[in-house]
Amino acid sequence: MGKRERARRRQQNRKHDTLRKPGPVALPKRVGVGNARKPAKADASSLTVASLVTMPGHVLIVGDGDFSFSRAVASIRGSHVPGDLQCTSLDSASTVTAKYPRAQQHLASLHTHPSCTVRHSVDATNLHGTNFSGRLFSRIVFMFPHTGKQRVHMNRNLISEFLSSCEPVLAQGGLVLVTIKDRPPYSRWNIAELAVGTGLELKAKLPFDADEFPGYAHRTTDPTAKKLVIDSQSANTFVFGRPRTSG
């Protein structure tokens, strides 16, 4: 291969990497009640998942298993962060408590939180058809989405339909966070490309660190499945938002 050909290929590779690299995320500054919220650009390398879900604004958590994640988010948001926290599951209330031994404890804690609302039988692919009383969400969070079957196309469809359903209930400047395992078969879902045609685009990819959420324990769709030990190398959170408009 000649020098000219090698130079041409290096230029093509740099162009390809630039196109795939997520851009900066527009985030609201941390402010107190009553202060104006202005968007501020932040480099993705300085962000954490916890920082995104504890900023002011309404937060919607979908597809929770035993509600340990919702409880952890409620705990770190406390009562001082402006905005409601809606915690939902696909399962009915009776199914949740039957499947997960500690669910009742987590639900009891959430019911005492002044900013939390717990809802069951909420379909993450039909958020646009769910009555949220006109509320728009600054953050919509789906932790480890899975159909319960190891079928790549089925899980890709789940996430694609979820992203499409988010757009109508997403506030201006809002973000959608989807966390998945960083290994096959999950890495073969190619989640970054699933936003095409949904009105959203990939903004950032962050390592997910469960230590940021004390008390959170990942629960699978099948409660008898092998427990997943999560560290910052085993899962990633994909952050989606609306494309920035020119002008």
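Restricting attention to the stretch 176-218 and to residues that are in a loop (DSSP other than H, G, I, E, B) and among the charged types (D, E, K, R), the residue that is nearest to residue 47 (Cα to Cα) turns out to be 209. Taken over the stretch 47-67, the residue count meeting the criterion of being touching a Lys or Arg at 6+ places or on another chain (Cβ under 7 Å) and part of a helix (DSSP H, G or I) is 2. Being on the phi > 0 side of the Ramachandran plot and assigned to a strand (DSSP E or B) is a description that applies to residue 173. What residue, among those in the stretch 159-197 that are free of Cβ contacts under 8 Å to residues at least 40 places away in the same chain and of a type in the set (Val, Ile, Thr), is nearest to residue 51 (Cα to Cα)? Within the stretch 159-197, the match that is nearest to residue 51 (Cα to Cα) is 159. Would you confirm, using the coordinates I've provided, whether residue 123 is acidic (Asp, Glu), part of a loop (DSSP other than H, G, I, E, B) and buried (at least 18 other Cβ atoms within 10 Å of the Cβ)? Here the answer is no, as residue 123 does not meet what is asked.
Collect the residues in the stretch 180-196 that are buried (at least 21 other Cβ atoms within 10 Å of the Cβ) and closer than 20 Å to residue 209 by Cα, keeping them in residue-number order. 180, 191 - these are the residues of the stretch 180-196 that are buried (at least 21 other Cβ atoms within 10 Å of the Cβ) and closer than 20 Å to residue 209 by Cα.
Coordinate-derived values only; no laboratory data. These figures come from a predicted structure and were not determined experimentally. Heads up, the Cβs are rebuilt from the backbone with ideal geometry, glycines too, and the neighbour counts pull from every protein chain shown.
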